[in-house]
1. Given (1) under 31 Å from the mean Cα position of the chain (by Cα); (2) within 30 Å of GLN110 (Cα to Cα), where does ASP284 come up short, assuming only one miss?
2. Residues in region 127-141: is at least one at pLDDT below 90, surrounded by 14 or more Cβ atoms within 10 Å (Cβ to Cβ) and farther than 30 Å from ALA366 by Cα?
3. Which one is surrounded by the most Cβ atoms within 10 Å (Cβ to Cβ) among residues in region 353-373 that are of a type outside the set (D, E, K, R) and in a helix (DSSP H, G or I)?
4. Take the residues in region 218-247 that are surrounded by 14 or more Cβ atoms within 10 Å (Cβ to Cβ) and of a type in the set (S, T, N, Q), then tell me which one is farthest from ASN163 (Cα to Cα).
5. Would you check if THR82 is of a type in the set (Ser, Thr, Tyr), over 34 Å from the mean Cα position of the chain (by Cα) and modelled with pLDDT of 90 or more?
6. On the given criteria, is LEU376 aliphatic (A, V, I, L, M), in a helix (DSSP H, G or I) and surrounded by 15 or more Cβ atoms within 10 Å (Cβ to Cβ)?
7. What is the number of the single condition among (1) β-branched (Val, Ile, Thr); (2) surrounded by fewer than 18 Cβ atoms within 10 Å (Cβ to Cβ); (3) at pLDDT 95 or above that VAL151 does not meet?
8. Select from region 245-295 the residues that are assigned to a loop (DSSP other than H, G, I, E, B) and among the small types (Gly, Ala, Ser) and list them in ascending order.
Amino acid sequence: MKKNLLQDIVPSSKKSIRDIAVPVRRSKKETPVVEKPVERENISRPALDYSEPIAREERPASDYRYDFEPPKKSSKKILYTTMVVFILALAFGISALFKSVKITIEPKKQTVQLNSNFTANKNSQSGLAFQIVTVSKDVQKTVASDGQVQVQKKAVGTVVIFNTTALSQKLVAGTRLQTPEGLIFHLNSAVTVPAQKTVSGGKVPGSAEVVVTADTAGDKYNVGLKDFTIPGFKGTTKYSQIYGRSKTTMAGGFSGTQAVISKQVLASTTAELQNNLKTSLASDVTAQIPANFILYPDSMTFSFSPMSQAGTNGNGTVVDEKGTAYGVIFDRGDLARSIAEIYSIVDTTKIDNLDSLNFKYATGTAFNPAGDSATLNFSLTGSAHIVWTFDANKLETQLLGLSKNQAKEVMSGYPAISQVWVETSPFWNQTIPTDPKKVRIDLAKNGLEK
């Protein structure tokens with residue numbers, strides 16, 4: 001039943017505009033029609049009673065139901081998952097910049113008990129060679145004097161004789177040399193001075209080193225560096241072509257009473273100075289050894305000049321001693337190969353404990369390091385640790401950019417390699433970087449890094 005929407009309205013008794021008659025236009029030919037007024041029925045509605053509530057028709061609930069879907073809230077799981085993935089991707093990308101690898105290699109090794117004899121040749125270009133390192137030094141000590149003696153001592157020094165002629169020149173012992181001041185010195189021994197030679201297009205005089213002694217005792221012969229002529233050649237062309245020049249000063253000349261020490265004090269001072277010289281000279285020789293050479297302490301020999309009483313000062317007698325050390329050195333690689341050959345090892349190897357082996361000159365052979373000995377016979381004893389070697393730079397180049405498994409396969413082709421460990425960083429990286437700076441190769445001992 002439809003609801004009467006006008007039931008609450010009371011019609012007004014006034015006329016409406018609708019009650020006004022509207023004239024109808026007609027054509028001029030049409031006959032005018034007179035309209036009769038329409039009679040309207042007076043409709044009146046009963047008054048409403050507001051004391052009681054107006055009954056309203058209830059519509060079934062189904063007529064008011066709407067289909068409504070509330071908005072869904074976005075899930076935070078998706079946001080968190082996206083953030084985690086982004087962070088992991090960022091960390092992965094950054095860590096890729098710091099990829100590196102550490103390769104630890106344990107080389108093949110063998111220990112042998114060495115007790116063998118060797119022969120080396122001086123400065124040889126093939127086989128085992130040896131060289132001599134020589135160091136000299138002077139020491140002095142002042143000792144309290146216990147007596148006086150009349151002393152006549154002649155000055156002594158070293159001179160280099162030069163020869164600018166085309167022929168060698170022999171000078172006998174006692175040949176005179178003269179300074180510009182007229183002081184005469186004599187050769188202590190005979191010498192042959194080589195002839196002049198041509199080197200790189202230039203003339204080089206022949207030369208020989210000699211020891212000379214003053215003509216007479218006295219301190220006036222204690223002179224500095226001088227030029228010398230040979231009076232025996234005066235009046236010939238050799239007088240200007242053969243001459244001498246000091247290598248050291250002339251020293252030791254003395255004439256008069258001098259304080260001295262007893263033979264017993266001299267002997268004890270000799271032993272003390274020589275022991276000090278040995279220690280000092282050994283240290284100086286060792287300091288001159290190149291890194292790839294080895295010097296065995298037992299190969300060193302020493303020589304000392306006769307003890308002399310050099311003079312006096314206000315505190316007593318000054319004693320001077322000169323010592324010279326000779327050290328025999330070997331190339332480490334050549335010596336290691338010589339040892340390996342004894343055991344028929346032809347691969348490239350080294351001995352990592354060469355310094356611990358015992359050196360000894362062969363008995364019954366004469367060797368003079370200060371002379372012209374060209375052959376050295378010696379023995380080495382001890383446990384020698386032979387280690388196989390390989391070209392680490394070549395191996396590194398071959399490994400760049402390979403996977404771990406490929407790298408191990410390449411290294412298996414090196415007979416010098418016993419075991420290998422490959423550690424990559426970060427942990428997920430399974431390849432060796434192409435940048436050599438990010439590759440580190442270490443040697444291991446008993447499986448542990450050195």
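1. Unmet for ASP284, out of (1) under 31 Å from the mean Cα position of the chain (by Cα); (2) within 30 Å of GLN110 (Cα to Cα): (2).
2. Looking for residues that are at pLDDT below 90, surrounded by 14 or more Cβ atoms within 10 Å (Cβ to Cβ) and farther than 30 Å from ALA366 by Cα, one finds at least one in region 127-141, hence yes.
3. If we filter region 353-373 for residues that are of a type outside the set (D, E, K, R), which is where we start, we get 353-354, 356-359, 361-371, 373.
Cutting the leftovers down to in a helix (DSSP H, G or I) gives us 354, 356.
Details: LEU354: 18, SER356: 11.
Only one residue tops the list, namely LEU354.
4. Once the filter is applied, the top-ranked residue is ASN222.
5. Details: of a type in the set (Ser, Thr, Tyr): yes; over 34 Å from the mean Cα position of the chain (by Cα): yes; modelled with pLDDT of 90 or more: no.
The answer is no for THR82.
6. On the way: aliphatic (A, V, I, L, M): yes; in a helix (DSSP H, G or I): no; surrounded by 15 or more Cβ atoms within 10 Å (Cβ to Cβ): yes.
No; evaluated as a whole, the condition is false for this residue.
7. (3)
8. If the condition is that a residue be assigned to a loop (DSSP other than H, G, I, E, B) and among the small types (Gly, Ala, Ser), then GLY252, GLY253, SER262, ALA291 are the ones that fit.
The values are calculated or read from the model by the stated rules, or taken from the named source; none is laboratory data. Since the model is a prediction, treat every value here as computed from it, not as a measurement. Cβ coordinates were reconstructed from backbone atoms using ideal geometry, including for glycine residues, and neighbour counts include every protein chain displayed.
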